[in-house]
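Nothing in this text is a laboratory measurement; each read-out follows from the coordinates by a stated rule. Only a predicted model underlies this, so the values are computations on that prediction, with no experimental measurement involved. We place every Cβ from the backbone using ideal geometry, glycine too, and count neighbours over all the protein chains shown.
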Amino acid sequence: MTGAPGELVLAEHRGPVLVFTFNRPARLNAWTDELEDRYVTLLDAAEDDPDVRAVVVESMASHLKKRLPDFPFLPVRSSDVPV
C-alpha cells in the first residue's frame, strides 16, 4: 500500500486493480478538501497508468461493525418490488 500511515487516501496495486482506501476512521471517513485533493491526484495517476484496468474505492470501516445492530434489515416482499 502506498502512502504514509497518516495519509488520507492509501493506494494498493492488486494486479491490474488499484484499490484506494479512505483512511480517516476516527472521523468516519468524512470528506474534506485535503482528502479530495489526494483522491483526485491518485485517480489522475491511475488514469495515466497503462497497467491499471480498474479502480476500487473502499474505506476503513471498522466502526461500522459496532453500528450494524442499530440498523436492522427489513424483509422485502416481492409484491413491493416494481416490475
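At-a-glance table
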read-out	value
Extension gain (nm, one decimal) between L28 and E12, 0.36 nm per residue minus Cα-Cα	3.7 nm
Cβ crowding within 10 Å averaged over residues, with 26-37, 6-17 ranked highest first	6-17, 26-37
Calculated diffusion of the range 14-62, Stokes-Einstein form, Kirkwood radius summed over Cα pairs, 20 °C and 1.002 mPa s, µm²/s	185
